[in-house]
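The values are calculated or read from the model by the stated rules, or taken from the named source; none is laboratory data. Everything quoted here is computed from the prediction, not taken from an experiment. Please note: Cβ atoms are built from the backbone with ideal geometry, for glycine as well, and neighbour counts cover all protein chains shown. We work out accessible area using only protein heavy atoms, side chains counted, and drop any ligands, DNA or RNA first. Shrake-Rupley method; radii C 1.70, N 1.55, O 1.52, S 1.80 Å.
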Amino acid sequence: MGSPHVHRWNACGGSTVLHVCNYAYCYSDRREGIQLGCYDVEGLDVLRDTDVVCSGLFILVYDRWFYGLVLAVTPIDIQLHDTYYVVAHFHYVMVAGALFAAFAGVYYWLPKWIGKMYDERLGKIHFWLSLIFFNITFFVQHFLGLAGMPRRIPDYALQFADWNMVSSIGAFGFGLSQVFFLYILLKAIRSGEKAPEQPWDGATTLEWTHLPTPAPYHSFETPPDLRN
């Protein structure tokens, strides 16, 4: 049935380093290194390394937090408040922003943690599967919200069934993609190639310049010498 205050629409879309802080923008310049605030990007090849793919291309989906700006318009917010439009907007911010950045961090620091390299080809497959199924899951929820489906309900009207089926298929696919992510990690731990001391060009932070790979249990018994 839906909330009485919402209107009805028809309910029928390894030669790189990137220091990942919270939400990072990533740009490519194949000739020169460039400085972006606290992010150093040297010789960036966006499609080459999995950590950069995750941390850079997630902006394609993370920018959908702008969809939330329309909720600042009072007449629109009255229509969309507590609908699945808000659910879709929230998850585009949190999953695309936080989770894809976490994937990037794992791919970037995994060689330092375990001393072995992961399979870049499998890492890219994981990224694209996650990106595709994530969008299948949450993009269609904008349509559900615009059509009037409220959030926080145990059941929904039949008019919302089709897009909910699409969203459910995407959710199962996204979940299975993370099982594949665990397989990549286990494969790297068990049979990955030995990681070099600095697998990423331009890795100049302390864990790469002052510690062996893999890092010891106690990182620094004495303060590191930073004069050089």
Fill in the blank from the handout: When the stretch 82-129 is checked residue by residue, the ones that are on the phi > 0 side of the Ramachandran plot and either open to solvent by 40 Å² or more (accessible area, probe 1.4 Å) or polar (S, T, N, Q) (or both) are D82
Completion exercise
Listed by first then second residue, the pairs whose first member lies in the stretch 196-216 and is farther than 16 Å from Y107 by Cα, whose partner is among the aromatic types (F, W, Y), with beta carbons under 9 Å and at least 6 positions apart or on separate chains, are L206/F220; H210/F220; L211/F220
Problem - Complete set of residues in the stretch 178-205 that are aromatic (F, W, Y) and open to solvent by 70 Å² or more (accessible area, probe 1.4 Å) - result: Y183
Practice task
Mind listing whichever residues of the stretch 206-228 are surrounded by 11 or more Cβ atoms within 10 Å (Cβ to Cβ) and among the β-branched types (V, I, T)?
Solution key: T209, T213
Fill in the blank from the handout: Here the residues within the stretch 205-228 that are in contact with a His (Cβ under 9 Å, 6 or more places away or on another chain) and under 30 Å from W128 (Cα atoms) are T205
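Would you check if there is a residue in the stretch 200-214 being at pLDDT 95 or above and touching a helix residue (DSSP H, G or I) at 6+ places or on another chain (Cβ under 6 Å)? Please lay out each step first, then the result.
So the first thing to find is which residues in the stretch 200-214 are at pLDDT 95 or above, and the list is none.
No, there is no match, as no residue in the stretch 200-214 is at pLDDT 95 or above and touching a helix residue (DSSP H, G or I) at 6+ places or on another chain (Cβ under 6 Å).
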Fill in the blank from the handout: Reported set for the stretch 107-144 where residues are assigned to a helix (DSSP H, G or I) and of a type in the set (A, V, I, L, M) is L110, I114, L122, I125, L129, L131, I132, I136, V140, L144
Practice task
Output the residues belonging to the stretch 145-173 that are among the charged types (D, E, K, R), in a loop (DSSP other than H, G, I, E, B) and open to solvent by 80 Å² or more (accessible area, probe 1.4 Å).
Solution key: R152, D155
Completion exercise
Among (1) over 23 Å from N164 (Cα atoms); (2) at pLDDT below 90, V93 falls short only on (1)
